[in-house]
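Novice: Input: one structure, supplied below.
The values are calculated or read from the model by the stated rules, or taken from the named source; none is laboratory data. Since the model is a prediction, treat every value here as computed from it, not as a measurement. Cβ sites come from the backbone with ideal geometry, for glycine too, and all protein chains shown count toward neighbours.
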Amino acid sequence: MNAATITFGSKAIDVRPLIRWHAQRPARTSVMKAARIAFRDSVLDCVVMNTSAHGARVHLFEEAKLPETATLTLTDGKTWTVQRRWQDGADAGFEITSAAALPQ
């Protein structure tokens, strides 16, 4: 085994693609801001855990199935149209699709 592989049982896995992806990933800023996710006839309270130049990670107070597209509004009034990229229980990652209001 060399520094670019990890082993699971008898199988060695090359992690160089993961290392390259992580190095290119946009920097994330921890924020912990109260927010709301609105979609269809629902509004859910959540906390924005971090943001990047093009996305946000949120934590819901109650686990709920989120739609593909929603509106994320922070308590300071910033509003973004977002597209769900992943969801794991009460945590979800969104890509910000509204070009006018990217995080700073």
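Novice: Report, by residue number, each residue of the range 7-17 that is at pLDDT 70 or above and not in a loop (DSSP other than H, G, I, E, B).
Specialist: 7, 11, 12, 13, 14, 16
Novice: Being out of contact with any Gly (no Cβ under 6 Å at 6 or more places or on another chain) and either modelled with pLDDT of 90 or more or surrounded by 12 or more Cβ atoms within 10 Å (Cβ to Cβ) (or both) is true for just one of 4, 100. Which residue is that?
Specialist: 4
Novice: Residue 63 versus (1) touching a strand residue (DSSP E or B) at 6+ places or on another chain (Cβ under 9 Å); (2) farther than 12 Å from residue 36 by Cβ; (3) in contact (Cβ under 8 Å) with a residue 24 or more places away in the chain: which is the lone unmet condition?
Specialist: The failed condition is (1).
Novice: For residues that are within 19 Å of residue 62 (Cα to Cα), touching a Lys or Arg at 6+ places or on another chain (Cβ under 9 Å) and of a type outside the set (Ser, Thr, Tyr), tally how many sit in the range 72-90.
Specialist: Matching residues across the range 72-90 total 3.
Novice: Only residues that are of a type in the set (Val, Ile, Thr) and either under 17 Å from residue 79 (Cα atoms) or at pLDDT 80 or above (or both): list them for the range 18-67, please.
Specialist: Answer for the range 18-67, where residues must be of a type in the set (Val, Ile, Thr) and either under 17 Å from residue 79 (Cα atoms) or at pLDDT 80 or above (or both): 31, 37, 43, 47, 48, 51, 58.
Novice: Within the range 32-58, track down each residue that is out of contact with any Lys or Arg (no Cβ under 8 Å at 6 or more places or on another chain), without any contact (Cβ under 8 Å) to a residue 24 or more places away in the chain and assigned to a strand (DSSP E or B).
Specialist: Within the range 32-58, 32, 42 meet the criteria.
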